[in-house]
Structure formats: C-alpha cells, structure tokens
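Quick notes on the structure that follows.
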Amino acid sequence: MNDEQGLTAPSGEPPAVELIGLDKRFGAVHANRAVDLSVAAASIHGIVGENGAGKTTLMNILYGLYQADAGEIRVRGEPVEIKDSQAALKAGIGMVHQHFMLVDNFTVLENIVLGAERGLLLEGGFAAARRVLAELEADYALKVDLDAVIADLPVGVQQRVEILKALYRGARVLILDEPTSVLTPQETDDLFRVLRRLRAEGKSIILITHKLQEIMAVTDRVTVMRDGAVVETLATRGTTREHLAQLMVGREVLLRVEKGAATPGAAVLEVDNLSVIDEAGVTRVQGVSFAVRAGEIVGIAGVSGNGQSELLEVLAGLRRPTSGRVRYGGHGLAVPHGMSAARALRRMGVVHVPEDRLRRGLVKGFEAHESAILGYQDDPAYNDRVLIDRPAILAHCAHLMAAFDVRPADPRLGSGALSGGNQQKLVLAREIERDPRLLLIGQPTRGVDIGAIEFIHRRLIELRDAGKAILLVSAELEEILGLADRILVMCAGRIVGELSGPEAEPRRIGLMMAGIEAAANPT
C-alpha cells in the first residue's frame, strides 16, 4: 500500500508530542473533548475529520494560538506550557498554515529571517542566515532562490519557503494544515518527497488534510476525529480510504461520483476570444473561447492564479473584460440603468459561487441569516413593503441550513463563527436553491469535509441531469475528473487544451497545468 512509509521511532524513545486529555470550549461549542494524541518521533501522523471535528482547534492549541481549558502537552516526554507561537517554536514546534504567512514583496531570505533576525546589523544577520539555510536546503532537498521575491514564485515554491522558515526557527515537529490545496499533482509529489526526507532526518510531521488518498500515500499513522473527540488512531497500512471515511462520518460514504452520460442541449454560455488585463497592466486571461451547454458540467483545471478567478469574475458580472464577447442563452448581457451586471445576471438565472467565500461569498460580521440572502435582499419574499421581513429571512436560512447540513444550524450565529466548510455550505445553499439556469462555481469543496463533498457532488449531478449548465473551476483534480463531462485546462491565462474520456488522466492534466505539455486540440 505504501512501501516508502517509515515505522515507529526507535524502541524506548518518547513520543515527539503527546496531548493528554485536552479539552476546549468556545461558549456552547465543545470543540475538543478530552483528546489524547501521541505522535511518534521520526513519523508522519495524519489527522482527519469532518468540518468542525476539532482537528484545527487541536493543532492551534499545540501551536499556542489557543489555550486549552484542561489537559497537558508533553514534548519528548516533558510537560510544556505553550502560551503563544513563540513558546511553541521554543519547544521545537512549527506550523505551516493553509494560507501562507509570507510578505509578497519581500525576498525569500527576508521572509525567513523576519522576526528572527540574528545580530544588530541586518547584513550580518542575513549572511549568517544564508549559511544556515544552505545547510537546511542540502539536508532536506528544499532548494529555493533566497533572493527571489515571493510574489514571483509559484505556490509550490512558496510552500517550501514556509517549511524552510519553520526549520530555520528550530522546528523538530512540523504541523501542515491542508498543504496541497493549491498544488499541482507534481508539486504534491515534490512535497511528499520533502516530508519523507524530513522524517528520515528525525523530524515529526503532523498532516491535516481532507484528501484521504494523501493520507494513504504518505502517513505512518492516522487519527480520526469526530465531534471534537478522537474516534480511533490506527496504522495507515492497516486501513483503507473507505474505512477512514466511515469513521469520520459515522456512516458509509461513497467516495466516487456516480453519474450517467450527459445529454447536452443548446449552449447556455458562449465565450469568444475573451481577454482580461488587470489594473496593474498584467494580462490575466488571454484569448479564451469555449461554450457550456445545458445538461453538462464543463470543468476548468489549473493551479490557482492562472486566470480562472478573473474569468469567473467576468462571467459573473463582477469584472469587465478587456476584449472579447460573452453570450448567455444566445444573447449578450443587457444591463438596465442603475443595475449592476451581477444583479442583471442573477435575474437571468445565472448564479455564482465564488472561489473566495470570505471576500466574495459572505460577510463575517453578518449573522448567518443575513449572509444567506446576500445578492437577493431585494427579493419580495424577504420584504414587507417598507421593512425587511426578519422572520421570513430566519425561516429561509433555517431551511437552507437543514437542506445543506450547516452546523451549528443557528440562523442568528455570526457568519464568521461558522467553520470554513460550513460557511461554504451556506454560500452553496444560497445559490443552488435559486434553481439556476447557469451555475458558475469556483472551488466548491475547498475546506469541506468528506461527507459534505459527497452531498455537494450529488447535488451538482442532479442539477446537470435537470438540464442546468455548470461551469466548474477546481484545483482538485479528482473532483474535476469525477464531475466534469469535458475538461478545459488553463495555464498562464490561456486554455491550453480540452480533454475528455480516457485522455483525461491526472498526470497529463497535471503536466498541462504546469505548462509542460499542451493538448493536441487546444481551444
């Protein structure tokens, strides 16, 4: 199953980290329930669970971002008190967050030493840092140009910088939170090679991921959490993806998308030679042409930052194209005076699930029921002549929460208090329940647990089979391969090819995403 896996630490060596009876509450929410966790030295330990299972809270306690209400933390057998991230680093614990903590206009070297400068003179500190980093790069195969500006680096290299930064600060235990969410398959393979090298050199890795195939590929042991508690910890090579999914959700989960053949109808969306140049004069989308027909799902695969976001924004009426043409149902978009393009499109049955739910999808400071009507707040169903009909909005939100299993199912809860996955489900519910003609959807399952992924995929197939047109943008190749009837691959703002059927296999798509290979029939 995984012949590159390591085994347990040498006999008699204490665990790298032990969490004993950790308990944490946030008001009425019992986030961690007397959690016991032991991570062996020189091992890769996975943690999986549904949204709200408590895994990120647990790691935030270990890294000092939260304080436990009860329980004990031991590092290499010794009790430690971790009040903040500096105390965590002092104890040899580093963390690479899902969203990188890097300054875009700083160089790699400046980012690594930021906050850990050595010596009064920066030049002297930089010289010393270069010597240390040269050793780390050689030891762990983490070659990076120290003088490169972060903004100019691909995402996979930026992640290497985060790992180097943690190692530079002395981390012997490294926590990785959803580390592959923006990587190509090749970059993921490179990351796993680095993790195995770290393990071979005696480091311990804690890997939080919702991708069970990655757990099976790289971890030695895996802990399953549900409702804030540990369900089971087991050796990876003694389990299966299906068994882990069942432990996570408490029922059998279908890991593959079941669907029949598509029966496409007339074109609902037509894009002709579309280009977008941003405010800085950078070309984000260049000469893109394609169509999406009723009753089909067209998937766009690509590493984040290759023009997919700007393309979706144009199609949803949030950005004007620099050139080219877009037609909906055979017609251009006519925007009445005083109305935004996005609002006009919603009236035409075009709905949009944005890639960035926090920036575009909801307002963290709003209560959930307020976020549940964003974009539709002028609907007569929510207004009583002069005043908004608060009971109607609360009832509508309660319906959405029940239909999409949003937890906690409290319409008055702050949108920002929901976990990322439950925020995503609320945005999806708001848009999908409008019975759209065309669904523009970006990263539909980013940060969503495996049970909810199954539910969302099933709903998308039901929409397709009901004759809806769906344009799906996702960095998850498995998701694209499972859902899409046709796959367009984007790289550097262009569509470099269209694939379907047997030719649509992960390695080929990954090479195209990285700009290494182009399809024989690019659109």
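The values are calculated or read from the model by the stated rules, or taken from the named source; none is laboratory data. Everything numeric here is computed off the predicted structure, so don't read it as measured data. All Cβ positions, even for glycine, are placed from backbone atoms using ideal geometry, and neighbour counts span all protein chains on display. With ligands, DNA and RNA removed, areas are computed over all heavy atoms of the protein, side chains included. Shrake-Rupley method; radii C 1.70, N 1.55, O 1.52, S 1.80 Å.
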Taking a ≥ b ≥ c as the square roots of the Cα gyration tensor eigenvalues, with a/c under 1.5 meaning rounded and otherwise prolate when a/b beats b/c or oblate if not, region 371-454 comes out oblate
Of the listed pairs Lys55/Lys165; Lys165/Lys364; Lys24/Lys55; Lys24/Lys211; Lys55/Lys211; Lys90/Lys165, those with alpha carbons more than 21 Å apart are Lys55/Lys165; Lys165/Lys364; Lys24/Lys211
Relative contact order as a percentage, the chain, C-alpha pairs under 8 Å and 6+ apart, gives 15
Rounded to the nearest 10, the angle in degrees between the Cα long axis of helix 122-140 and the longest principal axis of the Cα atoms of the chain comes to 90
Scalar couplings 3J(HN,Hα) for region 276-293 by Karplus 6.51 cos²θ - 1.76 cosθ + 1.60 (θ = phi - 60°), nearest whole Hz, x for Gly and Pro, are 9, 10, 7, 5, 8, x, 8, 6, 9, 10, 9, x, 8, 9, 5, 9, 10, 9
In cubic angstrom per residue, the convex hull of region 249-337 built on its Cα atoms measures 174
Between Glu252 and Asp36, the FRET efficiency computed from the C-beta separation at R0 = 25 Å comes out, to the nearest 0.05, as 0.40
Over the chain, the quotient of the Cα radius of gyration and 2.2 N^0.38 Å is 1.01
Length gained if Glu201 through Phe366 is fully extended, taking 0.36 nm per residue and subtracting the Cα-Cα distance, is 54.6 nm
So the angle from the long Cα axis of helix 155-168 to the longest Cα principal axis of the chain, reported in degrees to the nearest 10, equals 20
Long-range amide H partners of Arg293, meaning residues 5 or more apart or on another chain whose placed amide H is closer than 5 Å, are Val268
Checking region 26-119 for trypsin sites (Lys or Arg not before Pro) in a loop per DSSP with at most 11 other beta-carbon atoms within 10 Å yields Lys83
Counting only protein heavy atoms with a 1.4 Å probe and every protein chain in place, the carbon and sulfur fraction of the accessible surface of the chain in whole percent equals 51
Exposed-loop cut sites defined as GluC sites (Glu not before Pro) in DSSP loop states with at most 12 other Cβ within 10 angstrom; longest site-free run of the chain spans 280-523
Stretched fully, the stretch from Ala134 through Arg74 gains (0.36 nm per residue minus C-alpha distance, one decimal, in nm) 18.5 nm
Ordered by number, the trypsin sites (Lys or Arg not before Pro) in region 246-318 that occupy a DSSP loop and have at most 10 other Cβ atoms within 10 Å are Arg251, Arg256
Taking r as the C-beta separation of Glu279 and Ser304 and R0 as 25 Å, the FRET efficiency to the nearest 0.05 is 0.85
